[in-house]
Each structure stands twice: as structure tokens, then as C-alpha cells.
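The values are calculated or read from the model by the stated rules, or taken from the named source; none is laboratory data. Since this is a predicted model, take the numbers as computed values, not measurements. Reconstructed Cβ throughout: ideal geometry from the backbone, glycine too, with neighbour counts over all protein chains shown.
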Amino acid sequence: MAALQDSSKAERPRGWLSGQAAKPQPFSGARKGIRVARWVLMAVVLAFGGYALTTYSTYTIPGKYVKNELGPLSPDVEKGDSLLLQNLNFGRTPKLYDIVVYRQPGKPAGEPADLIGRIMGVAGEKLERVGPTMKIGGREPLSIGFDIGPGVKLKDGDVVPADYFLVLVQTDSDYYPDSRTVGFVPRENVTQRMAMNLATLWGRAEPAK
């Protein structure tokens, strides 16, 4: 009988009656940590992908790049450049000198619905004629013409209204609509701003002669 009791005791796992926990299997904690890390990484990738899809897009400026020809927006942005644009959602607001894409107010037939330009005036700033051109908010005069005559959208002494922008191009070498032809642009019409000019990464290809 004593022999049977000794045998049954020997078969019981260690700590069965003593309250001691059984030892965990080797590497079980490490495997669990790896699984958790994978799920966290997947969630981060999905969140970043969703954010990128709802926040960024690309836009190519119409026309072909020509060396030494002034671009319509700035010396750093030329025809044919591809731009990385940031959507102005989630409360984002464009600022002075931002290059933006906007819906053309009162779009005439034959012109694009979406235009691109640089914000050169914000609410409360005054337009002043300086010879054939203008200055805004007392800053240096611009290098573009200031239209005169009946029916013009901008006049000497105009003030940019609240929740509107003055959006212009920087050259008159090629016709391109801006606030001189469409008027002040409502904030709600400004949909995107340039986050990066992708041409600065891979360069510009000059057209074949």
C-alpha cells in the first residue's frame, strides 16, 4: 500500500498541491510578443496608408518645360512639373505664398474647372496700383500687369474680403486665369496646397529639339 502511495505521489506534477505554478514553456512569451508586434505594425501601416490616400495627391502643371523660360508660378515651379499636393481637409488652412489648386469661381466655357496659382493676398490686405502693376499689403510691386477698364475683377484700392484669397501667377508670358480674371477666390474653393515639387527629386526632362 505504501508503495502505491509513493508511486502516485511520484506521478503528480511538481507543485500540484503546494500551490506553485507550472513553469511556462520556453519562448512562449517571445512568440506572443512577436504576434502583438505584427498586429501593431499592420495597424500602423493601414493607418498611414489611409491617411496618405485622404491627404495627398499629385498634379502635373500643363505644358512642357522649356529651359530659361519663366514658369507661371515661381522660379521653382515650371511647366510640366509634377507636384505633391496636400488636401486642405481636417481643418488645414492655406497661407500667404502657398501654391494652391482651387475651383474656378464662375468658370467660363472652355476653361478648366480647377486652376493653380500662388496666394499673394489674404483677408484685410489692400491692392494698390503701381504704374502698370500692383502691390498688395504694402509689399514690393509684382511683375504682372494690373488690368484697368470696365468689368475688371480687381480695382485699385480693393481689400481682400474675409475668407477670400488673392491668387495670382507670376508672369504674363502665357495667358493663365488668376484673380485678375476670376476675382477673389473663396476659401471653400481652395482645395489643395503644394507640399513638394517632385521635379526637385528626379529633375526635369527638356523636350527634344
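Of all the listed residues (Leu142, Leu166), the sole one being without any contact (Cβ under 8 Å) to a residue 60 or more places away in the chain and closer than 21 Å to Asn87 by Cα is Leu166. I'd like the full set of residues that are of a type in the set (A, V, I, L, M) and loosely packed, with under 15 Cβ neighbours inside 10 Å, limited to the stretch 80-138. Within the stretch 80-138, Ala109, Ala113, Ala123, Val130 meet the criteria. Could you please let me know if Ile136 is over 19 Å from Leu85 (Cβ atoms) and not polar (S, T, N, Q)? Yes. Has the stretch 101-117 got at least one residue that is assigned to a strand (DSSP E or B), under 24 Å from Tyr56 (Cβ atoms) and in contact with a helix residue (DSSP H, G or I) (Cβ under 7 Å, 6 or more places away or on another chain)? Yes. In this entry, Asp147 passes the filter for residues that are at pLDDT below 90, touching a helix residue (DSSP H, G or I) at 6+ places or on another chain (Cβ under 7 Å) and at negative phi. Of the listed requirements (1) over 20 Å from Arg187 (Cα atoms); (2) surrounded by 12 or more Cβ atoms within 10 Å (Cβ to Cβ); (3) at pLDDT below 70, Val77 misses just one: (3). Does Ser173 fit the bill of being within 21 Å of Asp76 (Cα to Cα), of a type outside the set (Asp, Glu) and either buried (at least 18 other Cβ atoms within 10 Å of the Cβ) or in contact with a Pro (Cβ under 9 Å, 6 or more places away or on another chain) (or both)? Judged against the criteria, Ser173 is a match.
Looking at Ser143, Ser179, just one residue is buried (at least 18 other Cβ atoms within 10 Å of the Cβ) and closer than 22 Å to Asp98 by Cβ, and that residue is Ser179.
Return yes when Lys126 is more than 20 Å from Ile99 (Cβ to Cβ), within 29 Å of the chain's Cα centre (by Cα) and charged (D, E, K, R) and no when it is not. It is true that Lys126 is more than 20 Å from Ile99 (Cβ to Cβ), within 29 Å of the chain's Cα centre (by Cα) and charged (D, E, K, R). Can you find a residue that is assigned to a strand (DSSP E or B), out of contact with any helix residue (DSSP H, G or I) (no Cβ under 9 Å at 6 or more places or on another chain), at pLDDT below 95 and under 30 Å from Tyr56 (Cα atoms) anywhere in the stretch 91-100? Yes; the residues of the stretch 91-100 include at least one that is assigned to a strand (DSSP E or B), out of contact with any helix residue (DSSP H, G or I) (no Cβ under 9 Å at 6 or more places or on another chain), at pLDDT below 95 and under 30 Å from Tyr56 (Cα atoms).
Can you confirm whether Asp156 is touching a strand residue (DSSP E or B) at 6+ places or on another chain (Cβ under 9 Å), part of a loop (DSSP other than H, G, I, E, B), acidic (Asp, Glu) and touching a residue at least 12 places away in the same chain (Cβ under 8 Å)?
yes
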